[in-house]
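Read the figures in this text as sums done on the coordinates, not as results from a lab. Fair warning: this is a prediction, and the values are worked out from it, not measured in the lab. Don't worry about glycine lacking a Cβ; one is built from the backbone with ideal geometry, like all the others, and counts go over all protein chains shown.
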Amino acid sequence: MLNKLRGHLKSVQNDPESMDQLTEENFPKHIAIIMDGNGRWAKKRGLPRVAGHREGMSVVRKIVRHANKLGVSILTLYAFSTENWKRPKTEVDFLMRLPERFLKAELPTLIKENVVVRITGDRHNLPDYTKRAVDEAVATTANNTGLVLNFALNYGSRSEIIDGMKSLFQDVQDGKLAIEDLSEASFSEHLMTAGLDDPDLLIRTSGELRLSNFMLWQLAYSEFWFTDVLWPDFSQEHLEEAIKVYQKRQRRYGGV
Ligand code: FPP
């Protein structure tokens with residue numbers, strides 16, 4: 001990670017504006033993004049909502065590449081919530097096709113760039129074509145060691161917590177876990193994000209100031225950065241700006 005960041009800092013050394021923006025110290029390991037505002041972006045242009053999602057997908061491509069270049073370890077992108085099924089069928093169908101479209105075009109590059117694709121969410125009621133695309137990407141990149149690109153797909157935090165509790169109770173019932181050994185760490189291992197460090201930084205675009213059932217447990221001590229920028233207008237510079245703001249924050253975890 002440090003080497004990558006050093007490389008990036010070197011590449012901007014002739015640009016005094018960006019020189020002091022990012023430092024190796026305090027670099028966020030896990031960045032999570034609620035990518036919001038695709039619909040409004042399209043509406044402003046008199047386009048159908050799906051045009052915003054299509055543009056949003058191109059931004060995903062750019063941001064993944066940039067996060068990897070900067071040396072981010074984990075990038076979680078909220079691509080579809082358990083509540084998004086309430087949208088019109090045509091929009092849901094379009095959104096469900098996006099992972100397939102994205103991975104068809106990007107998987108070779110992701111493999112080359114050592115990215116690990118991971119899915120956080122309930123895969124059961126995804127259409128077969130979505131499952132096939134994500135399963136292939138997860139399997140093909142499983143042995144990579146670089147950026148973890150974690151798509152939150154058909155994800156809802158409250159149901160994740162309930163499912164985590166169920167599986168934990170099962171372990172207690174089966175004698176695999178003693179109640180006295182239940183801890184924050186052991187509970188985390190029963191969530192869909194098991195094995196991933198909690199996000200250091202949460203970004204939400206489009207001016208909405210809420211969590212929308214996203215990683216309620218995992219974001220307990222994360223730093224939040226909100227921007228009015230709509231996701232299809234989000235750029236590499238915005239990502240760097242968010243990291244720069246994060247680096248100036250003092251994380252006290254309840255201490256002084
Ligand atoms: C919220 O904006 C966005 C979504 C529900 C979908 C996000 C999906 C992408 C950005 C593309 C994902 C790409 C891949 C590769 C999976 P909204 O539609 O709610 O916007 P609005 O609030 O302006 O209506």
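Annotations for the structure displayed:
- Label point distance in nm, ILE111-GLN236, each placed 7 Å from Cα along Cα→Cβ: 2.5 nm
- Student exercise, the chain dipole from Lys, Arg, Asp, Glu Cβ charges, in Debye to nearest 20: 980 debye
- Here the average projected area of the convex hull drawn through the C-alpha atoms of the range 150-256 stands at 8.6 nm².
- All aspartates and glutamates inside 20 Å of LYS248 as judged from Cα atoms, apart from same-chain residues fewer than 8 positions distant: GLU17, ASP20, GLU24, GLU25, ASP198, ASP200, GLU223, GLU237, GLU240
- Over all orientations, the range 37-144 has a Cα convex hull whose mean projected area works out to 7.1 square nanometres.
- Distance between the 7 Å Cα→Cβ label points at ARG40 and LYS248: 2.4 nm.
- Sorting PHE224, PHE234, PHE102 by the number of Cβ atoms found within 10 Å of their own Cβ, with the fewest placed first, yields PHE224, PHE102, PHE234.
- Virtual spin-label span in nm between LYS166 and GLU25, 7 Å along Cα→Cβ: 4.8 nm
- Rounded D (µm²/s) - the range 35-80, Kirkwood Rh over Cα pairs, Stokes-Einstein at 10 °C, 1.306 mPa s: 139 µm²/s
- Residue separation of LYS176 and LEU211 scaled by 0.36 nm, minus their Cα-Cα distance, works out to 9.3 nm of gained length.
- Calculated Rg and Dmax of the chain using C-alpha coordinates, Å: 18.8, 62
- Partners for LYS44 among lysines (Cα-Cα distance below 25 Å; same-chain residues under 8 apart left out): LYS62, LYS86, LYS89
- Sorted ascending by nearby beta carbons within 10 Å, beginning with the fewest, TRP41, TRP217 become TRP217, TRP41.
- Sorted by Cβ density within 10 Å, fewest first, the residues ILE74, ILE179: ILE179, ILE74
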